[in-house]
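Written below as structure tokens is the structure these notes are about.
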Amino acid sequence: MAGDVARIVLLPRFTALSGSSQFRTKPVNVRRFAKVILTVWQSTGIGLTPSTAQFLLQQSPDLEQWESVGSQFPSSPSGGAETTVERDIDLEWIRLFINVNEAVPGVTVWAVGQFVERSASPILPLGNGR
């Protein structure tokens, strides 16, 4: 990895999501980062048919237009398990989009990213002072 790594919590542990709906995290400025190693977790849910949470990392240049960073996670994490993916970041802002579905919605989740800083460009001398 080229630069230092910063850990940013996108969703605190055991964040409760209820309702068959879509949720978005607060946007995070990631201008200084080149990539993220993102780990997400979901609980086993409640009810006979537990909910599932599908995670998608999105990026934006201006907080208005959002696009996916790569594709969705290979699958939703299994209940009580975590999934980790690595994605390159090209734009200034990121957020996590979570889609909760199933007949009996209610699930807890968490997400944390290890953000890798861009490598610094070498500073070249301007000459011998002439």
Inset, instruction - For an R0 of 30 angstrom, estimate the FRET efficiency from the Cβ-Cβ distance between SER21 and GLU86 and round to the nearest 0.05. - result: 0.60
Inset, instruction - Starting with the highest mean, order 56-69, 12-25, 29-42 by the number of other Cβ atoms within 10 Å, averaged over the residues of each peptide. - result: 29-42, 56-69, 12-25
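Here, each number is a calculation from the coordinates, and none is a lab measurement. Computed from a prediction, not measured in an experiment: that's the story for all the values here. Don't worry about glycine lacking a Cβ; one is built from the backbone with ideal geometry, like all the others, and counts go over all protein chains shown.
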